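In what follows, a single structure is set out as structure tokens and then discussed.
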Amino acid sequence: MREEMVTLLKEKEERARDVEFITVEKDYNVTRSDAYSPKVATWGVFPRPQNISEAYGGGRTLRPGQALETAEQTAERKANVAKALADYKKAAGLVVDPEVEALGQAAFDRGSDLFRDGRIAAALVEFTEAAELMPMRTTLGGLALLQRAICLDSLGRHEEAFPLYKKVERHPAPGVARQAKRMVFGFDAAVNLKTHTMNFGVEKGAYDNYFNRLSGQWAYYSSSDEDQGDNALPTVVATTVMLVPFLFIGGKVLKLF
């Protein structure tokens, strides 16, 4: 029992020594008055202010209805936000002259009308004009570029349409980007399925040999009145043979009564 107690005491001393070696920094000055000295060895040894709230600006008690900031601070903050937003829009190309925007919208509307009427080539010209007038990051510019790509795709110019789809795929407007991603997915699916290597065009007369061969082998036979008369005699004989037993049984029954 005595040896077990000695062993437990030694293990306890070793654990305490390991904790001190890991958590206590050798050159740490515990006599500093402006730093907090942790009482627990595993708490950490990094110096920090005595009053964290005062050092980092916290510790305020807000009463019900009390404003977070003064009116001057609110006005200054809003002015800074408005200036930063205006600078961002200018740098991103989102600031457009109203006259230019009106011209772009008119061209886009004309292209939409032509596209609905099925005049794809004429609509392509209008959408191209609208895309050149408006910056690409604007909603109208993104829609115009997307419709231009769709027109090119509809006209069979897939190699020109695909880069435009990829360009609009990361547009800030959610609706524009979503439609572009769908079109890009269709292109990727066509490549994976190798449908671009197939020829869906059918030349005139390509299947005439098959249809002519079928039409030559098949024949339609229409029975005449004489054939119908010849077929009627076997039918009458067969019916009479089937009815003879019933007639014989019926005669026997009548004799009993």
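Scan region 43-52 and tell me whether some residue there is at pLDDT 80 or above and either part of a helix (DSSP H, G or I) or hydrophobic (A, V, I, L, M, F, W, C) (or both).
Within region 43-52 (the criterion being at pLDDT 80 or above and either part of a helix (DSSP H, G or I) or hydrophobic (A, V, I, L, M, F, W, C) (or both)), the answer is no, since none of the residues qualifies.
Looking only at region 60-93, which residues are closer than 30 Å to Thr139 by Cα and either touching a strand residue (DSSP E or B) at 6+ places or on another chain (Cβ under 9 Å) or β-branched (Val, Ile, Thr) (or both)?
Val81
Go through the residues of region 92-105 one by one and say whether even a single one is closer than 26 Å to Lys181 by Cα, modelled with pLDDT of 85 or more, in contact with a Phe, Trp or Tyr (Cβ under 6 Å, 6 or more places away or on another chain) and in a helix (DSSP H, G or I).
No, the conditions are met nowhere in region 92-105.
Output the residue which, of all residues in region 59-80 that are surrounded by 10 or more Cβ atoms within 10 Å (Cβ to Cβ) and in a helix (DSSP H, G or I), is farthest from the chain's Cα centre (by Cα).
This residue is Gln73.
The values are calculated or read from the model by the stated rules, or taken from the named source; none is laboratory data. In this text, all values refer to a predicted model and were calculated from it rather than measured experimentally. Here Cβ is always computed from backbone atoms with ideal geometry, including for glycine, and neighbour counts include all displayed protein chains.
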